[in-house]
Amino acid sequence: MRHIISILIENESGALSRVAGLFSARGYNIESLTVAPTEDPSLSRMTLVTRGSDEIVEQITKQLNKLVDVVKLIDLTEGPHIEREMMLIKLRTAGDAREELKRLVDIFRGHIIDVTTGTYTVELTGTGDKLDAFIQAVGSAAILETVRSGVSGIARGEKSLHL
Amino acid sequence: MELTGAEILVRCLKDEGVEYVFGYPGGAVLFIYDALYQQDDVKHILVRHEQGATHAADGYARSTGKPGVVLVTSGPGATNAITGIATAYMDSIPMVIITGQVHTWAIGSDAFQEVDSVGITRPCVKHNFLVKDIKDLATTIKKAFYLATTGRPGPVVVDVPKDVTMHRAEYSYPEEVAIRSYHPVMKGHPGQIKKAVDLMLSAKRPMIYTGGGVIWSGASSSLTEMTRMLGYPITNTLMGLGAYPATDKQSLGMLGMHGTYEANMAMHHCDVLIAIGARFDDRVVGKVEYFCPEAEIVHVDIDPSSISKSVKVDVPIVGDVDHVVKEMIRLLKEDKRTPDHAALAQWWDQINEWRAVNCLKYDRNSSLIKPQFVLETLYNVTQGDAFVTSDVGQHQMWAAQFYKFDKPNRWINSGGLGTMGFGLPAAMGVQLAHPDATVACVTGEASIQMCIQELSTCRQYGLPIKVINLNNRYMGMVRQWQEFFYEGRYAMSYMEALPDFVKLAESYGHVGIKIEKPADVEPALREAMKLKDRLVFMDFITDQTENVYPMIAQGKGHHEMHLSPERELA
Ligand SMILES: Cc1cc2nc3c(=O)[nH]c(=O)nc-3n(C[C@H](O)[C@H](O)[C@H](O)COP(=O)(O)OP(=O)(O)OC[C@H]3O[C@@H](n4cnc5c(N)ncnc54)[C@H](O)[C@@H]3O)c2cc1C
Ligand SMILES: Cc1ncc(C[n+]2csc(CCOP(=O)(O)OP(=O)(O)O)c2C)c(N)n1
Ligand SMILES: [Mg+2]
């Protein structure tokens with residue numbers, strides 16, 4: 001099962017490597033990991049996407065909680081939640097394809113944020129699936145470069161992860 | 001008053017009540033050594049290798065329950081300490097390790113004797129710190145002791161750059177620290193404890209399985225009280241020996257790979273397993289699918305990540321052993337129900353049948369010195385009251401089997417990492433903490449050579465350790481596996497070119513005795529014990545081919561034990 005684990009962690013230099021080190025040392029898989037400071041500059045918010053059986057994910061959350069730098073943790077996939085990922089993608093726009101790509105961007109509610117005669121740079125936000133679908137739709141021949149932020153997530157409703 | 005960072009550090013240690021620092025100097029820690037030199041409160045023990053410092057601090061900690069403290073220089077000082085830090089980490093031992101570091105402005109420049117100590121130690125510490133500003137020094141040291149000694153104990157490294165020890169700041173040692181992300185749970189959940197007690201009282205074939213957590217919790221007496229109240233059989237892990245008196249009739253001895261037949265069979269057949277402060281290690285569990293097939297399991301542990309890690313349990317209780325067991329005792333006293341005495345009597349009949357197999361039997365008529373005989377005699381001669389440290393190998397298992405520990409904190413060995421070289425330096429820490437006690441180091445001719453240099457430290461500080469070298473001229477534990485699983489191809493397990501241990505001991509200024517006949521074993525031990533203020537190195541030339549039994553091969557279940565070949569069960 002795929003899990004999205006959200007972590008509030010001390011905003012300190014070694015903190016990220018403690019998390020990354022834990023995953024490699026224990027052989028857990030990380031699909032994506034994002035981290036940035038929060039409104040409280042002493043804390044960072046980290047979102048980790050991982051896969052594993054219930055037992056493994058239980059161990060992962062326990063081991064993460066055990067890290068002294070981890071202040072709070074929730075597994076977003078245990079409840080209703082929203083996940084988003086942002087992608088910047090540079091597309092080759094030769095000839096007729098240019099109009100077609102513009103239409104695709106609109107359908108996926110993306111934005112063209114930079115243009116040259118031969119390229120579009122597109123910004124697209126959504127679930128990972130939506131970004132995958134867009135990549136499929138444009139086809140690999142058109143893609144010059146992609147960069148994805150990795151997943152960030154938040155619980156729906158009143159529930160929130162804060163101190 | 002303003003002090004230098006080095007002075008602050010030493011004052012912190014003093015205010016923390018530190019008696020001994022085990023260490024080795026070098027460029028990055030010279031200010032600290034200078035500060036140590038100018039005071040008498042904190043005593044420094046100079047080892048001969050930084051690994052020795054870590055094991056000595058570890059032995060001090062295991063025998064006192066107090067944190068062990070280490071001081072080493074940057075670079076090679078820190079890397080030499082890693083083995084000892086990892087050893088402490090695997091066995092959850094409270095230690096604070098101060099490593100020198102290059103100047104803050106030089107960090108990251110591949111400076112002389114620079115290593116990323118925080119990076120290198122990260123996977124084998126409970127936590128670590130790099131102190132970049134002298135203003136954080138005292139609080140960081142306080143946090144290090146707090147983290148090392150609370151919750152599930154463990155080693156904490158504090159990396160201190162040289163300029164931080166040189167700068168000046170006001171000193172005040174915080175009375176307390178709070179870490180917002182760290183709140184070890186002490187009290188168990190009342191509902192879970194109640195459930196556990198219900199299950200315990202419903203048992204027909206109960207079994208109590210306890211480990212190192214009981215020792216760290218200081219819960220021996222409450223555990224003993226509860227076990228006696230219930231009348232249930234109890235087994236201890238290698239790390240838990242002594243938490244329940246081994247000579248008591250309810251004790252089935254150690255369980256696991258080299259545990260007793262009765263302990264492992266009782267594990268296999270029990271219907272309720274009460275696991276307390278033990279972590280279901282693979283040397284204990286064997287093959288998970290065969291583990292306690294009929295049992296419902298209660299597990300008390302202070303570390304949630306120990307629970308249901310390898311074996312799924314039915315009633316998890318996160319909390320400190322002493323708190324939880326005392327609460328269990330309270331509930332048991334209030335309860336009108338009692339254990340099922342009839343079922344229990346039947347269970348004990350069965351256990352006594354297993355006991356009658358006498359699984360630790362060995363050949364007492366041999367003309368060669370049997371290692372088991374040496375340990376049995378050591379037990380008799382010291383009346384079971386010695387502190388015993390050990391190295392790693394067959395001798396370690398025999399010591400665990402044949403020295404009956406009735407008290408906690410007396411059996412000191414590396415279980416989780418299995419670090420050869422641990423025994424002698426650990427004994428130094430124990431002896432310093434207990435100057436009047438008998439401290440025996442049980443070792444093998446291979447293990448002892450891994451930290452033999454510490455004989456010099458023993459000489460310098462007059463530590464009258466009794467070294468019991470079970471010299472089988474083999475890395476016996478390796479040879480045993482090669483005999484069983486590699487068709488007797490003894491690759492690299494024969495110990496060639498051994499030194500003359502008697503002369504070696506003498507050259508370090510100690511007493512050496514070589515013992516070659518069974519009849520000389522007891523007199524030699526008695527003689528050695530009489531030399532109260534001398535280290536005595538006893539080189540016992542033992543039977544080369546002796547194996548450790550019983551044994552459960554890796555990947556087998558508790559019911560698939562091998563006894564010694566003559567008495568193999570069908
Ligand atoms: C050659 C060799 C052979 C071995 N053979 C065996 C064998 O036959 N049998 C055997 O048992 N071992 C054997 N071992 C040792 C084995 O590898 C493990 O080290 C050992 O079994 C672990 O013991 P433990 O479960 O008591 O855990 P420990 O490592 O002592 O861990 C203690 C547990 O208690 C918890 N704890 C700590 N403090 C508290 C507290 N205050 N309250 C509650 N919980 C707490 C911790 O979180 C942890 O889960 C062998 C080792 C070697 C080197
Ligand atoms: C540092 C280290 N290296 C290797 C091992 C693997 N090992 C385990 S037991 C053993 C042999 C120990 O021999 P000895 O000290 O003579 O003890 P014996 O088994 O003969 O009693 C070895 C090499 C280890 N545990 N630690
Ligand atoms: Mg040997």
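The values are calculated or read from the model by the stated rules, or taken from the named source; none is laboratory data. Just so we're clear, the structure is a prediction, and the values are computed from it rather than from any experiment. Quick reminder, even Gly has a Cβ in these numbers, built from the backbone with ideal geometry, and neighbours come from all protein chains shown. Keep in mind that these areas ignore ligands, DNA and RNA; they rest on the heavy atoms of the full protein, side chains included. Shrake-Rupley method; radii C 1.70, N 1.55, O 1.52, S 1.80 Å.
Can you list the helices (runs of 4 or more DSSP H) lying wholly within region B:253-365 that have 3 or more residues being open to solvent by less than 70 Å² (accessible area, probe 1.4 Å)?
Because the criterion is at least 3 residues that are open to solvent by less than 70 Å² (accessible area, probe 1.4 Å), the helices (runs of 4 or more DSSP H) in region B:253-365 that meet it are B:261-269, B:321-334, B:341-356.
Assuming B:Glu496 fulfils every condition listed in (1) of a type outside the set (S, T, N, Q); (2) away from ligand 3 (no atom under 13 Å from the Cβ); (3) open to solvent by 90 Å² or more (accessible area, probe 1.4 Å) apart from one, which condition is it?
(2)
Please go through (1) closer than 27 Å to B:Asp281 by Cα; (2) more than 13 Å from ligand 1 (Cβ to nearest atom); (3) hydroxyl-bearing (Ser, Thr, Tyr) for B:Ser447 and return the number of the only condition it doesn't satisfy.
Among (1) closer than 27 Å to B:Asp281 by Cα; (2) more than 13 Å from ligand 1 (Cβ to nearest atom); (3) hydroxyl-bearing (Ser, Thr, Tyr), the lone unmet condition for B:Ser447 is (2).
More than 16 Å from ligand 3 (Cβ to nearest atom), buried (at least 20 other Cβ atoms within 10 Å of the Cβ) and small (Gly, Ala, Ser): is that true of B:Gly231 in this structure?
No.
Considering (1) away from chain A (no Cβ under 14 Å); (2) open to solvent by 60 Å² or more (accessible area, probe 1.4 Å); (3) hydrophobic (A, V, I, L, M, F, W, C); (4) within 28 Å of the chain's Cα centre (by Cα), say which one B:Phe112 fails and leave the rest.
(4)
If a residue must be assigned to a strand (DSSP E or B) and under 13 Å from B:Met239 (Cβ atoms), how many such residues does region B:389-403 contain?
The total comes to 1.
Which one of these is crowded, with 22+ Cβ neighbours inside 10 Å, within 13 Å of ligand 2 (Cβ to nearest atom), part of a loop (DSSP other than H, G, I, E, B) and not polar (S, T, N, Q): B:Gly421, B:Gly416?
B:Gly421
Given the criterion in contact with a Lys or Arg (Cβ under 9 Å, 6 or more places away or on another chain) and either more than 26 Å from A:Asn29 (Cα to Cα) or within 14 Å of chain B (Cβ to nearest Cβ) (or both), identify the matching residue among A:Asp96, A:Asp114.
It is A:Asp114.
Can B:Ser181 be described as polar (S, T, N, Q) and within 14 Å of another protein chain (Cβ to nearest Cβ)?
The answer is yes for B:Ser181.
Within region A:29-67, can you find the residues that are aliphatic (A, V, I, L, M), in contact (Cβ under 8 Å) with a residue 40 or more places away in the chain and within 14 Å of another protein chain (Cβ to nearest Cβ)?
Within region A:29-67, A:Leu43, A:Met46, A:Val57, A:Ile60, A:Leu64, A:Leu67 meet the criteria.
I'm checking my understanding of the structure. Among residues of region B:401-413 that are among the hydrophobic types (A, V, I, L, M, F, W, C) and open to solvent by 10 Å² or more (accessible area, probe 1.4 Å), which one is nearest to ligand 3 (Cβ to nearest atom)?
Among residues in region B:401-413 that are among the hydrophobic types (A, V, I, L, M, F, W, C) and open to solvent by 10 Å² or more (accessible area, probe 1.4 Å), the one nearest to ligand 3 (Cβ to nearest atom) is B:Phe402.
How many residues are touching an Asp or Glu at 6+ places or on another chain (Cβ under 9 Å) and free of Cβ contacts under 8 Å to residues at least 60 places away in the same chain if we restrict to region B:145-161?
Counting residues in region B:145-161 that are touching an Asp or Glu at 6+ places or on another chain (Cβ under 9 Å) and free of Cβ contacts under 8 Å to residues at least 60 places away in the same chain gives 1.
Of all the residues that make up region B:455-493, how many are away from ligand 3 (no atom under 12 Å from the Cβ), of a type in the set (Lys, Arg) and either within 18 Å of B:Phe373 (Cβ to Cβ) or assigned to a loop (DSSP other than H, G, I, E, B) (or both)?
Residues that pass the stated criteria total 2.
Give all pairs with beta carbons closer than 7 Å in which a residue from region A:138-159 that is assigned to a helix (DSSP H, G or I) meets a residue that is not hydrophobic (A, V, I, L, M, F, W, C); count only pairs at least 6 apart in sequence or on separate chains.
Cβ pairs passing all conditions: A:Ala142/A:Arg92.
Look through B:Val388, B:Val439 and report the one residue that is under 14 Å from the mean Cα position of the chain (by Cα), more than 14 Å from ligand 3 (Cβ to nearest atom) and buried (at least 21 other Cβ atoms within 10 Å of the Cβ).
After ruling out the rest, the residue left standing is B:Val388.
Return a yes/no flag: does region B:184-203 have any residue that is more than 14 Å from every other protein chain (Cβ to nearest Cβ), without any contact (Cβ under 8 Å) to a residue 40 or more places away in the chain and more than 16 Å from ligand 2 (Cβ to nearest atom).
Yes - at least one qualifying residue is present in region B:184-203.
Residues that are under 24 Å from B:Ala88 (Cα atoms) and open to solvent by 20 Å² or more (accessible area, probe 1.4 Å), at least 2 per element: which strands (runs of 3 or more DSSP E) completely within region B:119-227 meet that?
Here the list reads B:127-130.
Here is a check on your reading of the model: is B:Glu506 touching a residue at least 24 places away in the same chain (Cβ under 8 Å) and open to solvent by 30 Å² or more (accessible area, probe 1.4 Å)?
Criteria not met by B:Glu506.
Starting from residues that are at pLDDT below 95 and within 13 Å of chain B (Cβ to nearest Cβ), keep the ones in region A:1-14 and report whichever is surrounded by the most Cβ atoms within 10 Å (Cβ to Cβ).
A:Gly14
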